[in-house]
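Enquirer: Pasting in a structure now, in structure tokens, and then I'll have a few things to ask.
Each reported figure results from applying straightforward, stated rules to the coordinates on display, with no laboratory input. Since the structure is predicted, the reported quantities are computational estimates derived from the model, not experimental observations. Methodologically, a virtual Cβ is constructed for each residue, glycine included, from the backbone with ideal geometry; neighbour enumeration extends over all protein chains shown.
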Amino acid sequence: ATTKTKIGDFEFENCFMNAAGVYCYDKNELEQVINSQAGTFVTKTATLQSRPGNPEPRYHDTNLGSINSMGLPNLGFDYYLEYLLELQKTHPDRTFFFSLVGMSTEDTHALLKKVQESDFKGITELNLSCPNVPGKPQIAYDLETTEKLLTDIFSYFKKPLGVKLPPYFDIVHFDQAAAVFNKFPLTFINCINSIGNGLVIEDESVVIKPKNGFGGIGGEYIKPTALANVHAFYKRLNPSIKIIGTGGVLTGQDAFEHILCGASMVQIGTTLHKEGPSAFERITNELKAIMDKKGYKTIEDFRGKLKYL
Ligand SMILES: C=Cc1c(C(=O)O)[nH]c(=O)[nH]c1=O
């Protein structure tokens, strides 16, 4: 079996990659993902200026997953663009993802105009779902603002663009959000970001410092919500808008389920943070074993073919 995949006009040797925020802060971490079995990588979400992020401790692993309130620490847009342009020379046959968001609407447009005017040939992931910047709401929970933002963006941005979404929890919200996204030539949507503002307690205390311990939840806790968002949008969106599945992937079986729900690419966050880049080889082998057992040659043989009772 092969786990190669396609997003837009781009082919990837493997349908696995990191989730933004994990193993993607700097060149050292990104290099490790390049040299792993991952099919590609996405950068840490970049802002116009570099950011130190929130006070530590701001990330904590638990048996069932993770909680984080990093606060968008990153080395700044120019650092990641420069590295991505360098990679276009050293790895001309590969396509990488550039995650970004502005701290204001004006900044978001400034960032995307810089990408549009640059020689960047990869795919841009606009993060509409950061739950950890105090005072800033998750953009994608405000569908009117999201529609206005995407309308303005697509008036000048002509390169491949997708959006990183927070989880939705109401069928009507799936309907309303899908109706907005279907209006735009999006290359993909990525479901889901961490489930925002959870709380993890050990003994009598919270485990992270920012926001009195409130942070985005990842890992096993969130797979049912991640799968539901992947499948809900798979059923509602124009087939030209691909789905990236993110959330709760520990094993090949978890990845199989994301693809069964309609995902064309699977991102790994908490498991990658805990296990390191060797997780890509393990999970890829586990998925291939499942496909071989079931007689599936490619992921298209079962993508989106979730059975109902
Ligand atoms: C980009 C900010 C994000 C962060 C963060 O930097 O706090 N954590 C997440 O779980 N998701 C995000 O989108």
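Enquirer: So, with +1 on the Cβ of K and R and -1 on the Cβ of D and E, and no other charges, what is the size of the charge dipole of region 254-307 about its Cα centre, to the nearest 20 debye? Mind showing how you got there, number by number?
Expert: Working: 9 positive and 8 negative charges, 39 e Å.
Using only the charged Cβ atoms, the result is roughly 180 debye.
Enquirer: Oh, and also: Within 10 Å of each residue's Cβ, count the other Cβ atoms and sort Glu144, Glu31, Glu125, Glu11 from fewest upward. Please list the in-between numbers first.
Expert: Working: Glu144 8, Glu31 15, Glu125 26, Glu11 12.
By the 10 Å Cβ count, ascending, the order reads Glu144, Glu11, Glu31, Glu125.
Enquirer: In Å and on Cα atoms, what radius of gyration and Dmax does region 1-89 show?
Expert: 14.8, 45
Enquirer: Something else: For region 71-133, what is the largest minus smallest coordinate of the Cα atoms on each principal axis, given in angstrom and ordered from greatest to least?
Expert: Principal axes ranked by extent give 35, 21, 17 Å for the Cα atoms.
Enquirer: Now for a separate question. Putting +1 on Lys and Arg Cβ atoms and -1 on Asp and Glu Cβ atoms, find which of Leu64, Ala232, Gly276 reaches farthest to the positive end of the dipole of the chain.
Expert: Highest projection toward the positive end goes to Ala232.
Enquirer: Kirkwood Rh over alpha-carbon pairs of region 79-235, then Stokes-Einstein at 4 °C and 1.567 mPa s: what D in µm² s⁻¹, rounded to an integer?
Expert: 76
Enquirer: If you stretched the chain out fully between Thr62 and Gln176, how much longer would it get, using 0.36 nm times the residue separation minus the C-alpha to C-alpha distance? List each step's numbers first, then the result.
Expert: On the way: separation 114, 0.36 × 114 = 41.04 nm, distance 3.40 nm.
That works out to 37.6 nm of additional length.
Enquirer: If you build the convex hull over the alpha carbons only and average its shadow over all orientations, what do you get for the chain? Give it in nm² to one decimal. Before the final figure, lay out the partial values.
Expert: Working: hull surface 61.3 nm².
Mean orientational projected area (the chain, Cα hull): 15.3 nm².
Enquirer: With a point put 7 Å past each Cα toward its Cβ, work out how far Leu199 is from Lys158 in nm, to one decimal.
Expert: Roughly 5.1 nm, to one decimal.
Enquirer: Related question: Could you compute the longest span of the chain free of trypsin sites (Lys or Arg not before Pro) located in DSSP loops and having at most 11 other Cβ atoms within 10 Å, not counting the site residues?
Expert: Answer from the scan: 1-157.
Enquirer: Right, here's the next one. Taking loop as defined by DSSP and a crowding limit of 14 other beta carbons within 10 Å, which chymotrypsin sites (Phe, Trp or Tyr not before Pro) in region 206-309 fit? Present the calculation step by step, with values, prior to reporting the outcome.
Expert: Details: sites: Phe214, Tyr221, Phe233, Tyr234, Phe256, Phe280, Tyr296, Phe302, Tyr308; in loops: Tyr296, Phe302, Tyr308.
Qualifying residues, ordered by number: Tyr308.
Enquirer: Can you sort Leu72, Leu143 by how many other beta carbons sit within 10 Å, fewest first?
Expert: Values: Leu72 20, Leu143 16.
Lowest to highest Cβ neighbour count: Leu143, Leu72.
Enquirer: Right, something else. Kindly work out what percent of the DSSP beta bridges joining two residues of the chain are antiparallel, to the nearest 5. Walk me through the numbers on the way to the answer.
Expert: Working: 17 of 42 bridges.
Counting only bridges with both partners in the chain, antiparallel ones make up about 40 percent.
Enquirer: Dipole of the chain (Lys/Arg Cβ +1, Asp/Glu Cβ -1, origin at the Cα centre): which of Val206, Leu161, Val249 lies farthest to the positive side?
Expert: Of the listed residues, the answer is Leu161.
Enquirer: Oh, and also: Classify region 238-286 as rounded, prolate or oblate from the Cα gyration tensor: take a ≥ b ≥ c as the square roots of its eigenvalues, call it rounded if a/c is under 1.5, otherwise prolate when a/b beats b/c and oblate if not. Walk me through the numbers on the way to the answer.
Expert: On the way: a/c = 2.50, a/b = 1.94, b/c = 1.29.
Prolate, since a/c reaches 1.5 and a/b exceeds b/c.
Enquirer: Give me the distance in nm between label points sitting 7 Å out from Cα along the Cα-to-Cβ direction at Glu11 and Glu275, one decimal.
Expert: Using points 7 Å along Cα→Cβ, the separation is 2.7 nm.
Enquirer: Work out the length of the dipole vector of the chain about its Cα centre, built from +1 on the beta-carbon of each Lys and Arg and -1 on the beta-carbon of each Asp and Glu, and round it to the nearest 20 debye. Write out the running numbers ahead of the final one.
Expert: Numbers: 32 positive and 35 negative charges, 153 e Å.
In total the dipole reaches around 740 debye.
Enquirer: Now a separate question. Compute the Cα gyration tensor for region 182-290, then decide on rounded, prolate or oblate, letting a ≥ b ≥ c be the square roots of its eigenvalues: rounded whenever a/c is under 1.5, prolate when a/b is larger than b/c in the other cases, and oblate in all that remain. Provide the component values of the computation, followed by the final result.
Expert: Working: a/c = 2.50, a/b = 1.37, b/c = 1.82.
Oblate is the answer for region 182-290, as a/c is 1.5 or above yet b/c matches or exceeds a/b.
Enquirer: DSSP loop GluC sites (Glu not before Pro) in region 163-231 with at most 12 other Cβ atoms within 10 Å of their Cβ, which ones? Each step should come with its number before you reach the end.
Expert: On the way: sites: Glu202, Glu204, Glu220; in loops: Glu204.
Of the GluC sites (Glu not before Pro), the ones in loops of region 163-231 whose Cβ has at most 12 other Cβ atoms within 10 Å are Glu204.
Enquirer: Antiparallel as a % of all DSSP beta bridges within region 102-249, to the nearest 5?
Expert: Details: 5 of 17 bridges.
Around 30 percent of the beta bridges assigned by DSSP in region 102-249 are antiparallel ones.
Enquirer: Moving on. Counting helices only, and only those DSSP H runs with n ≥ 4, report the 222 nm mean residue ellipticity of the chain as the sum of -39,500 (n - 2.57) divided by its residues, in deg cm²/dmol to the nearest 500. The partial results should precede the final answer.
Expert: Details: 9 runs with 103 residues, N = 309.
After summing the helix terms and dividing by the residues of the chain, the value is -10000 deg cm²/dmol.
Enquirer: Running a GNM on the chain with Cα contacts under 10 Å, which residue among Asp107, Asp203, Asp254 ends up with the highest mean-square fluctuation?
Expert: Asp203
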